[in-house]
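As structure tokens, the structure follows; a few thoughts come after it.
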Amino acid sequence: MTNPQPHTELESHLKETRRFAPPADFAAQAHVRTQAEYDALHRRALDDPEGFWEEVAAGLHWFRKWDRVLEWNPPNARWFAGARTNLSYNCLDRHVAAGLGDKTAILFEGEPGDVRRVTFRELLDEVCRFANALRGLGVKKGDRVTIYMPMTPELAVAVLACARIGAPHSVIFGGFSVQAIADRVEDAQSNVVITADGGYRRGHVVPLKANVDEACERCERIRTVVVFQRCKCDVAMKPGRDHWWHELTAGAPATCEPEHCEAEDMLFLLYTSGTTGKPKGIMHTTGGYMVHTNYTARMIFDLKPDDVYWCSADVGWVTGHSYVIYGILSNGVTTLMYEGAPNHPGWDRFWDIIERHKVTKFYTAPTAIRAFMREGRQHADRHDLSSLKLLGTVGEPINPEAWLWYHEVIGRGRCPIVDTWWQTETGGIMITPIPGVIHTKPGSATRPFFGIDAAILNKNGVEQPPNAGGFLCIRKPWPGMLRGVYGDPERFRRQYWSEIDGVYFAGDSARRDEDGYFWIMGRVDDMIKVAGHGLGTMEVESALVSHSAVAEAAVVGVPHEIKGNAIVAFVTLRSGIEPTPALRQELMNHVTHTMGAFARPEQIRFTQSLPKTRSGKIMRRLLKEVATSGEVKGDTTTLEDFGVLVKLAQKDEE
Ligand code: WT7
């Protein structure tokens with residue numbers, strides 16, 4: 001539960017004045033080309049959101065139309081109630097019927113360098129075979145199926161096959177290990193697990209099947225395990241429980257009637273890493289999620305038929321669900337899947353992939369961009385990135401300096417950047433530039449998407465004036481919103497709808513500037529109160545990252561007799577830069593100069609790495625513990641290695 005400090009209003013101190021207009025050639029070909037077109041859509045969505053989403057929905061296939069667009073009994077929404085549809089049909093059959101059967105649906109590159117192209121027809125056949133195999137194993141509509149696989153096309157096949165037969169999937173990121181699997185399987189009451197013998201990561205084989213075997217020992221309810229053979233490594237197969245994917249699908253027919261799912265049938269469960277022990281299964285349903293992801297993907301990535309679109313997120317996160325698979329394939333666009341690590345075999349792997357496959361749209365996380373920035377631009381500079389037309393980011397606030405690096409070094413100054421704010425809970429993108437129209441400001445996700453009623457409120461639900469910090473809330477229901485926490489309606493209400501009555505709030509603080517642009521300031525839980533000033537983590541961190549020696553920074557508050565809290569900053573330096581006492585002073589002065597003396601860190605600690613969640617978010621909570629317990633060993637200029645802490649953090653998160 002978020003617990004904002006009631007007496008401190010959040011203040012904003014960082015002013016970013018740089019502006020970027022959409023490149024003229026991009027704007028000329030975009031779905032939304034002019035301010036007038038944008039305004040018309042915006043107004044239409046504002047005046048009549050239900051009519052607006054209904055029009056969008058009409059572009060997709062429904063076996064039966066809805067009776068009503070929206071039923072809203074806060075916090076429970078039903079979108080397109082009465083309608084029947086199927087997501088796998090909309091991602092596959094629809095495009096094959098329209099003559100796109102031979103087009104590449106999935107362009108796959110494995111970490112060892114193996115490349116496969118799977119057409120829409122082939123993908124449809126595979127999905128049907130696997131869906132039939134699942135039905136043969138007794139999987140029925142409504143049964144929760146756990147998927148724990150490497151980033152191969154078969155992961156998409158498994159997900160789409162579940163959607164085809166109406167069995168909600170629960171994908172677990174392949175980087176998690178045994179206890180995480182057992183906990184999620186148990187919470188979801190799932191009896192079937194789909195996995196692989198292994199997957200490749202940094203030249204090693206991740207023993208996925210062995211992890212599932214152990215999970216089975218801790219969790220008796222698993223009665224069926226399907227194993228895709230990726231690495232041809234030795235695995236134990238338990239007769240009666242374990243089945244090879246290739247044997248099950250070999251004889252299965254390549255047609256499979258899609259289940260006519262209710263719009264509000266559960267499509268998937270996705271567990272978020274809450275800070276308390278119990279995993280939190282976020283529930284998403286079929287119709288509204290389909291409409292939201294399909295339309296946002298098209299408008300925000302400006303999808304066109306000849307795009308080669310690449311989102312580097314793993315399908316184990318919501319980004320992968322919405323913008324590797326559903327939102328992209330439902331638009332009939334080629335989606336690239338890469339199995340491995342961004343720095344294997346070298347720091348140019350991503351740029352090499354973009355060059356060889358002529359990727360046109362690229363979507364990644366700020367944490368990755370900062371890592372590339374730290375290693376230096378030479379890795380990107382030696383690749384031809386001229387195929388790129390648009391760049392995107394998601395997952396954390398992007399520091400203006402990292403934004404500018406991305407824009408210049410990767411986009412070569414030609415590509416609009418869409419900084420997209422959303423959450424596992426929102427299902428799809430909520431705040432974002434529309435790339436042909438919206439002028440961007442580095443570090444701002446800009447404006448709410450059409451039909452999204454985002455606002456900055458104080459604790460009493462009163463809208464804040466421009467540039468005053470507050471809670472980032474959504475006031476009206478939207479199609480892709482979560483429908484609950486699996487098995488715990490009370491937790492759903494308490495966690496998301498109780499801070500301000502009837503309004504959605506999921507923990508971020510932000511401000512809205514005089515142009516209506518949103519600036520995420522950090523998680524409310526991480527807010528630092530210094531001498532009566534409420535500070536978000538983002539601004540101090542960005543002030544540090546704006547110094548040319550700094551690659552990444554995380555700030556936390558520690559108790560201080562006089563100020564209430566003092567700021568401790570953990571800083572990683574760009575490669576080749578030495579940590580010295582002089583640099584420490586310089587960085588402190590730099591923050592004072594950029595933001596003001598009140599924001600000056602009391603302490604700066606240089607470190608080689610920062611503890612992060614598996615999805616790349618900095619774990620400030622752990623840093624706060626380190627800073628508070630005051631364990632500073634030896635010379636304070638030496639680099640700390642958070643390797644151990646990182647491991648701790650990951651354990652913690654499971
Ligand atoms: C949290 C949600 C949405 C897919 C990946 C993360 C942070 C996300 C941005 C952004 C600033 C961002 C927020 C949010 N976040 N995108 N563009 N700018 N912050 O999904 O794991 O559910 O995390 O990520 O704090 O609440 P998630």
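Derived scalar couplings between HN and Hα for the stretch 544-557 equal 5, 5, 6, 7, 5, 8, 9, 9, 8, 8, 9, 10, 9, x Hz in order, rounded to whole Hz, by the Karplus curve 6.51 cos²θ - 1.76 cosθ + 1.60 (θ = phi - 60°), x for Gly and Pro. Stick to Cα atoms and the Kirkwood definition of Rh, then tell me Rg/Rh for the chain. Taking Rg over the Kirkwood Rh, I get 0.95. Accessible surface area normalised per residue over the stretch 437-553 is 30 Å², counting heavy atoms of protein chains with a 1.4 Å rolling probe.
Centre-to-centre, using Cα atoms only, the stretch 499-513 and the stretch 256-334 are separated by 24 Å. Taking 7 Å steps out from each Cα toward its Cβ at GLU55 and GLN378 produces label points 5.4 nm apart.
Across the stretch 239-307, the mean sequence separation of Cα contacts (distance under 8 Å, 6 or more residues apart), normalised by length, yields a relative contact order of 23 percent. With R₀ set to 22 Å, the beta-carbon distance separating ASP114 from ASN343 gives a calculated FRET efficiency near 0.70. Distance from the C-alpha centroid of the stretch 529-577 to that of the stretch 113-182: 43 Å, rounded to the whole angstrom.
Computed from Cα atoms, the angle from the helix 120-136 axis to the main principal axis of the chain rounds to 70 degrees. Rounded to the nearest 500, the helix-only mean residue ellipticity at 222 nm of the chain stands at -8500 deg cm²/dmol, with each DSSP H run of n ≥ 4 adding -39,500 (n - 2.57). In terms of distances greater than 22 angstrom between alpha carbons, the cross-link table entries LYS361/LYS476; LYS103/LYS358; LYS141/LYS278; LYS15/LYS459; LYS280/LYS612 yield LYS361/LYS476; LYS141/LYS278; LYS15/LYS459. At an R0 of 60 angstrom, the distance between the Cβ atoms of ARG574 and GLU217 translates into a FRET efficiency of 0.85. Put a dot 7 Å past each Cα toward the Cβ at ASP234 and ASN73; how far apart are the dots in nm? Label-label distance for ASN73 and ASP234, simple model: 5.8 nm. Ligands, DNA and RNA left out, the accessible area of the chain computed with a 1.4 Å probe is 50% carbon and sulfur. Relative to the longest principal axis of the chain, what angle (0 to 90°, nearest 10) does the C-alpha long axis of helix 581-595 take? Helix 581-595 sits at roughly 80 degrees to that axis.
Loop-resident chymotrypsin sites (Phe, Trp or Tyr not before Pro) (DSSP state other than H, G, I, E or B) in the stretch 54-129 with no more than 16 further Cβ atoms inside 10 Å of their Cβ: PHE63. Measuring nothing but how far apart in sequence close Cα pairs (under 8 Å, 6+ apart) lie, relative to its length, the chain scores a relative contact order of 14 percent. Axis of helix 643-653 versus longest Cα principal axis of the chain: the two differ by about 50°, to the nearest ten degrees. Whole-Hz Karplus values for the stretch 194-210 come out as 10, 9, 9, 4, x, x, 8, 8, 6, x, 10, 9, 7, x, 4, 5, 4 Hz, taken residue by residue from phi with 6.51 cos²θ - 1.76 cosθ + 1.60 and θ = phi - 60°; glycine and proline positions read x. The alpha carbon centroids of the stretch 378-438 and the stretch 226-247 are separated by 40 Å. Accessible surface computed residue by residue for the stretch 113-232, with neighbouring protein chains in place and a 1.4 Å probe, gives 32 Å² per residue.
The values are calculated or read from the model by the stated rules, or taken from the named source; none is laboratory data. Since the model is a prediction, treat every value here as computed from it, not as a measurement. Positions of Cβ are backbone-derived with ideal geometry, glycine not excepted, and every protein chain shown enters the neighbour counts. Keep in mind that these areas ignore ligands, DNA and RNA; they rest on the heavy atoms of the full protein, side chains included. Shrake-Rupley method; radii C 1.70, N 1.55, O 1.52, S 1.80 Å.
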